[in-house]
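Coordinate-derived values only; no laboratory data. Keep in mind that what you see is a predicted model, and the values were worked out from it rather than measured. Backbone-built Cβ (ideal geometry, glycine too); neighbour counts: all protein chains shown.
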Amino acid sequence: MSTEREKTDFPQTLIGNSDKLRRFNPKWYTEKHGNWLEYNVKADRVYCLYCYLFKESGQKDAFASEGVQCWHRKEERFEIHVGKSNSFHNRAVQKGEDLLKEAQSIPAVQKKPEQNKEYRIRLSTSVILAKGLLNGGLPFRGHDESEASLYRGHFIEFLKLFAQINEEIAKYILSNAPKNCQMTAPSIQKNICNCFAEEVLKMIFEELGDDVFSLLVDESRDISKKEQMAVVLRFVDKLGFVKERYIGVVHVMETTALSLKSAIDELFAHRNLSLGRVRGQGYDGASNMSNLINVVGASCKRIDLLRESQRELLALNPEVVIGSGNNQEMALTRPGDTHWSSYEKTLLRLLTLYPCVIEVLEYIETSAWEPIHKTQANGLQLYMKSFKFVFYLHLMKHILGVTNLLCVALQRKNQDILNAVELVRSTKEELQRYRLEGFDSLLKDVTSFCDKYDIEMINMEDEYVDPKNRRRKTNITNRHHFVVNNFNTVLDMQIQELGNRFNEVTTNLLTCISSLSPRENFSSFNKLNLLKLAEMYPYDFTFDEKDKLIDELGHYISNMKRDSRFDNLNGVSDLAKRMVETRKHIEYQLVYRLIKLSLVLPVATASVERSFSSMKLVKTELCNRIGDGYMNDSCICYIEKEFLQQVSVESVMQGFQKMKTRH
């Protein structure tokens, strides 16, 4: 090949500021030799990209090390370097192309088909086991997980049982698995729990959709004395059912309004929820514990004494009927923060076991080792033998009996606000009636109890003596003190509290909502009230929709009264379900929107309080070092078991793999 011909084929360009000429032809790279050539402009040399990447130590091929510049023998040098089909160059090219393919990537190539099978068996076994532990709120780890431990925690021990039951699983798990891929590490367990929680939340938010909801919030301390805020959403699902779904517990440094709001904002941002969709909010406070139950039930021996005393009491009374369901062994019931009607049960048990409790307190006073226990028992015993205690005991028993029906109703998740208002109204009326007429009947019950257990009575007509200042004249009788300062005051507080919960603004809102009631063939229907209700929700009804609502309400009530399928409905919640069943919610969309807005209004925070019961089961005294994230995931899965059961193993495995690249 002549020099002139060569200059024509290979255009010459200056390299930087030097006198050297560029000899490389770009067509080599694109047409004949594929994509393996790499040209260094500064050195005017070509390299083999793949051989350079996969070169072996000591390799002397110039294409893989210092580069080639022999342009007059280029074709010969290229052919020599490429070599035969099994040459190092061709093997390097194949490795490079495989590297660019996802299925042939380094992590995938390192796993043979049989290794993929083993990996899936190990992972699926861990996922199935985690699902069972989450469903029961059981701890995963043990106190000692070393090989020498007799019990290495639920997760490891249950894996051992899996291995004993299934020989195919036993081949690939625990000691038969690689040490870096056993799928039993604490971080793996937490990741799997997080995948389950995310799947459960995904189902909850799909059930919620883009609809409006109410926010229920409460705060409490966990076993490690950390303030936790639980959040529940109340909404109406696509079938017309009222749902209250737990979406998480958040650790807060303090329980001020600003701190709680900040935590809610952060949670909403993380879950892509908008505060603009909130149509109601419900909050609650904490409850008190009973000192008496802490003293009497402080040890097994004291509880046994209480039971033995009860048996002796029953044996001395020949009129008592025993047998299944009759006069069984009882203990003092601890009032539950999450079960309001339990307070009445506690007082009823105390009335029944009164002589037994006194006997146990007398025993503690004479036999206790610690002086403080003797002092507590003596003080409780003196107080329980006083007229004041008996009076308060019977007064609160009656008040809690009157309010018990309301408490039980408010504990229901699907309770609508209209039914709650009717119960509140009837409860207030009963308390007011008792305030006017109930003192004499209460005094009669107290007198009977005092006579039965030899408790000193007081004369109601004597002058009242202030125990804090006995020498000072009070100029009031005992009757006046117990009627005005105690009986009336306590009842007034209860009535006022119920009134504060349902003030004038709330009453107006509830009056409008009551027009939706389907009872007695929609006798409460009032078009003007429902139009006012729509006015209270300016973001849910446009100006045109408000005009349209006027005509729709007329057609709606006419249709409902004629349709026998809507007879004998008990409340607005039943109306919503029936409208979805009959597809009337499509025909009367604006009316159904009003119904949903009334149903999402929070009645009580019972669901939030139930979550704290679950939290105490997940994070116990023995498992008090559970982190916030792990506890949150565990609580979500344990509380929303309905959705946990629907989560597939495959979806969790896919979510687990997407967390990060795993080998």
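Numbers below:
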| quantity | calculated |
| --- | --- |
| Where labels lie 7 Å past Cα in the beta-carbon direction, separation of Glu461 and Met659 in nm | 8.0 |
| Extension gain (nm, one decimal) between Asn176 and Asp563, 0.36 nm per residue minus Cα-Cα | 132.5 nm |
| Arg472-Asp454 pseudo-label distance in nm [points 7 Å out on the Cα-to-Cβ vector] | 3.6 |
| FRET efficiency estimate (nearest 0.05) - Cβ-Cβ, Glu587 to Ile550, R0 25 angstrom | 0.95 |
| Added length on full extension, which subtracts the Cα-Cα distance from 0.36 nm per residue, Asn166 to Ser262 | 29.6 nm |
| Spacing of the two label points (7 Å from each Cα toward its C-beta) at Leu528 and Asn485, in nm | 5.1 |
| Members of Lys385/Lys473; Lys385/Lys616; Lys261/Lys577 lying beyond 31 Å, as alpha-carbon distances in this model show | Lys385/Lys616; Lys261/Lys577 |
| Modelled FRET efficiency - R0 56 Å, Lys345 with Asn116, Cβ distances, 0.05 increments | 0.45 |
| DSSP-loop chymotrypsin sites (Phe, Trp or Tyr not before Pro) across segment 432-539, with at most 14 other Cβ within 10 angstrom | Tyr453, Tyr539 |
